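Everything on this sheet refers to the single structure shown next.
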Amino acid sequence: MRRKFVAGNWKMHGLKAQLKEIESIAATATAKPGVDVAICVPFTLIAPAVAAVPGFAIGAQDVHESGSGAHTGCISAEMLKEAGATLVIVGHSERRADQHETSHDAWAKAAAARAAGLHVILCCGETEEERDAGETDRVVAAQIAEIPSDARGDWLTIAYEPRWAIGTGKTPTEAEIAATHGAIRAKVQELAGADAADTIRILYGGSMNPANAAAILALSDVDGGLVGGASLTAEKFVPIIEAAAG
Ligand code: PEP
């Protein structure tokens, strides 16, 4: 039985003034022990957030695949860990679009994060053109093709995030979400075996909000959500956590 997991992605939002939102969100999470909750903040907010809510899972939104070196502006997994992060998002579609990251890059980052003991949320998802062409399953299968054969849910989570649904208010139909999550789980089983398929959580991401969360989170093979805009305030994120807690 996979526990539900709801993670917030604050993207390039958040100064210390917003820590009070994380404090409220963490208070709800503590009162709902049946669901795992995390917030992935900008690098500068990791240590202050960890200090504000000790024991609550604070993550990052990117990591470099190397341990150290001449990589101006980048950050290593050990640095994130030292700051207090316990998880990191890799392969988000905004990094694929803005920084031209590939799926190979995402899996290299995942390996570096895993080696440092960080939990990884690896994102996949198709563009609107790929969806319209009926290519969703092929695209996400290619994006997760480098999953290690020993992958397990204790260090890896996959987030299915249709690129056209992120920040747009649009979502796939419930049937489409369930079908794609089922296809991802089948691919995980093919590549990494039954233990991986049983333990790796597959989150839905893309315009999840308090109004649609309960229905999406109830779908088969949906183990939680990766939430952008609606994770920025306790007012919007808490109802999503409550929906996940059931
Ligand atoms: C995201 O950035 O991962 C995301 C799902 O964003 P939003 O919820 O705002 O669509």
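Readers should treat all values here as calculations from the given coordinates under stated rules, not as data from a laboratory. In this text, all values refer to a predicted model and were calculated from it rather than measured experimentally.
What to note about this one:
- In this structure the amide hydrogen of Gly8, modeled in the peptide plane, comes within under 5 Å of the amide hydrogens of Ala38, Ile39, Cys40, Val227, none closer than 5 places in sequence on its chain.
- For the chain, the membrane-span-like helices by this rule, meaning whole DSSP H stretches whose C-alpha atoms cover at least 24 Å of axis and whose Kyte-Doolittle mean is -0.5 or above, are 174-192; this says nothing about an actual membrane.
- All Cα pairs of the stretch 115-246, percent lying beyond 21 Å: 38 percent
- The convex hull drawn around the Cα atoms of the stretch 33-192, when projected onto a plane and averaged over every direction, covers 10.3 nm².
- The lysines within cross-link reach of Lys20, meaning a Cα-to-Cα straight distance under 30 Å and a gap of 8 or more places when in the same chain, are Lys4, Lys11, Lys32, Lys81, Lys170, Lys236.
- The alpha carbon convex hull volume per residue for the stretch 131-207 rounds to 86 Å³.
- Expected 222 nm ellipticity per residue - DSSP helices of 4 or more, -39500 (n - 2.57), all of the chain, to 500: -12000 deg cm²/dmol
- Over the stretch 163-230, all Cα pairs binned in 5 Å intervals from 0 give whole-percent P(r) values of 3, 18, 27, 23, 14, 10, 4, 0, listed from short to long.
- Under the criterion of Cα pairs below 8 Å and six or more residues apart, the relative contact order for the stretch 4-245 equals 21 percent.
- Each part gets one Cα centre, and for the stretch 134-151 versus the stretch 64-119 those centres are 19 Å apart.
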